[in-house]
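Okay, so here's the structure we're looking at.
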Amino acid sequence: MYNPEIEAASREELRKIQYKALIKSLHRVYDNVPLYKQRFDEWGVKPDDIKSVDDLSKLPFTYKQDLRDCYPYALFAVPMEEVVRIHASSGTTGKQTVVGYTKNDLDMWSVCVARALSAAGATKRDFVHVSYGYGLFTGGLGIHDGAQLLGAITIPASVGNTDRQLQIFQDFGSSILCCTPSYALYLGETIAEKKIPLENLKLKAGIFGAEPWTENMRREIETRLGIKAYDIYGLSEIVGPGVSYECECQAGMHINEDNFIPEIIDPETGKVLPYGERGELVFTCVTKEALPLIRYRTRDISRLIPDKCACGRTFLRMEKPCGRSDDMLIIRGVNVFPSQIESVLLTIKEVLPHYMLIVDRANNLDTLEVKVEINEEILTSSDAVRHIEDISLKIKHKIDSTLGISAKITLVEPNSIPRSQGKAQRVIDNRKLN
Ligand code: DLL
C-alpha cells in the first residue's frame, strides 16, 4: 500500500498537488455551503484570491461550534443523495457533531488508513483485529475499511468482552491489534493475570490512538503484548482515524498531506506559527466532498516536524498531541465536555449546580466520578436515605445515556464543594500519563 510517488514526493510536488486540490475544495464550499459563502464574503476573500498554499492564512477558521450550529447537515457540500455514510462525535446526544462521507470520501479515508496499517508493517497476510468501537464512532469502521482495502484478514471484534477478545487472539491468530492504548494496556494486564504465554499469540504490532498516550505507555504495551506499538491520530470532523500515522521510526505521525493541509497556530491570536513551534493544530480538507472543512480548529496542541524522516516519507510529521486548548476530556475514548454533565445536572431539581468531576485510572481503564451537592430539603426529609439512592440512580442513568460512558455518582452535602473566587475548577484529572 506504500505509495512512494505520493508519500515520498518532493515537497514542491506535494505543494502542487495540494494547491490544485485546495482551489477545487474552496470553490466547492463557496458554491455549496451557505456558511462558507457568508464567512468568506464577510472576510472579503474569494476562492481565487488564494494563489498558493501559504495564502491559507487569509481564510477564516471553522470551529466545532459551526458544526453544532449547522446540525445535522447544513455544512455538507453535496446533495444528500451523494452521501453514503454518517458518523458522529462520540458520547454526546442532542447537538452532537455529525459528519458525512461520499463514496469517494470513504475510498480516500480507506487509503489513509491502509497507509497507516502498512507503515506499521501490515500486509494482506495479516489478521487485523479491530477492537475500536463500531457504530457512530469513526474508530471501528474507519480502521475496518482501511484493513479491507489493504487486503488483510479483518476481524471486526469491536470493544468489550475481554475474555472473548483473548480467545479470538489465540484461536484466529490476530497479528495486528487496533484499539485505544488504554485498552491495549488492559488487555496486556489480563494476559499476564491469566498467565497466557505470549508464544500462544501471533500479535506483532498494534495501532493505537483516539486518546493521548505517552512513550512510557508505549514501552509498557510493547513489553506486555510483545509487539511494536504505533500511534495513529485523527478526528471525526476531518475524517476519523488516519489523519496521521507513525512509520517504523516511531518518531512523530506522518500527516496524509495530499488530503489534509496542516497548520499550527497560536490558539489565542490565531496567528500561524513556524514549523517546530508548539500550538493548536488546524486542518484544511482538500479532497473531501461531503464535508470539506476549511482551517478547522482541532484544539489539539502539537508541533509540526519538517525534517526528512529516515523512512523516506516526505509527509510532514506531527508530534503526539500533548493536550488541548479547550476543556474537552477523553474518558475511555469518549470525548466529554464538562458542560454536557452540567446540563444534565441542571435538569435534576434535587441537586444544586455545584459539582466536581474526578477522572482517574484504575487497572489502566479510565473512571469518572461526579460529585454533586444535594438540595438541603432532601437531606432533612424523613426518608432522606431512600431519596438519595433514587436521585443518584436518576443522575447516573441520565449521565450514562448522555455521555455513553458509565459514571459513579456521589451526592455530597450542600456547601461541601469548594467555591472558587475566579474560574471554577470543576475537573480533577488524577490520571497520570506516564
Ligand atoms: O478519536 C478518531 C480516531 C479513532 C483516531 C481511532 C485514532 C484511532 P474523535 O472521537 O472525533 O475521533 O476524537 C478526536 O481524539 O481531536 C484528539 O483530541 C484525540 N485523539 C485522537 N487520536 C489521538 C492520538 C477519534 N493518537 C480527538 N493521540 C482528537 C492523542 C488523540 N489524542
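Things worth noting here:
- Filtering the range 291-312 to residues that are farther than 20 Å from Arg278 by Cα and either aromatic (Phe, Trp, Tyr) or within 16 Å of the ligand (Cβ to nearest atom) (or both) leaves Leu291, Leu293.
- Which listed residue, of Lys394, Lys371, is under 18 Å from Val427 (Cβ atoms), at pLDDT 85 or above and more than 26 Å from the chain's Cα centre (by Cα): Lys371
- Residue-level check: of (1) buried (at least 23 other Cβ atoms within 10 Å of the Cβ); (2) within 16 Å of the ligand (Cβ to nearest atom), Glu263 misses just (1).
- The set of residues from the range 157-197 being at pLDDT 95 or above, over 21 Å from Gly142 (Cβ atoms) and touching a Leu at 6+ places or on another chain (Cβ under 9 Å) comprises Leu166, Phe169, Gln170, Gly173, Ile191, Lys194, Ile196.
- Residue in the range 405-412 that is in contact (Cβ under 8 Å) with a residue 60 or more places away in the chain, outside the structural domain of Ser182 (by TED's automatic domain parsing) and more than 23 Å from Phe137 (Cβ to Cβ) present: yes
- Residue check, Tyr275 in a strand (DSSP E or B) and of a type in the set (Ser, Thr, Tyr): no
- Remark: pairs (first residue in the range 130-143, under 19 Å from Gln96 (Cα atoms) and of a type in the set (Phe, Trp, Tyr); second residue more than 7 Å from the ligand (Cβ to nearest atom) and assigned to a helix (DSSP H, G or I); Cβ separation under 8 Å; 6+ apart in sequence or on different chains) = Tyr134/Gly140; Tyr134/Leu141; Tyr134/His144.
- For the range 16-52, a tally of residues being in contact with a helix residue (DSSP H, G or I) (Cβ under 7 Å, 6 or more places away or on another chain) and closer than 17 Å to Pro262 by Cα returns 7.
- Flag for Asp258 being assigned to a strand (DSSP E or B), among the charged types (D, E, K, R) and in contact (Cβ under 8 Å) with a residue 12 or more places away in the chain: no
- Leading residue by the ranking (surrounded by the most Cβ atoms within 10 Å (Cβ to Cβ)) among those in the range 313-358 that are away from the ligand (no atom under 14 Å from the Cβ) and among the aromatic types (Phe, Trp, Tyr): Phe315
The values are calculated or read from the model by the stated rules, or taken from the named source; none is laboratory data. If you're wondering where the values come from, they're calculated on a predicted model, not measured in any experiment. Here Cβ is always computed from backbone atoms with ideal geometry, including for glycine, and neighbour counts include all displayed protein chains.
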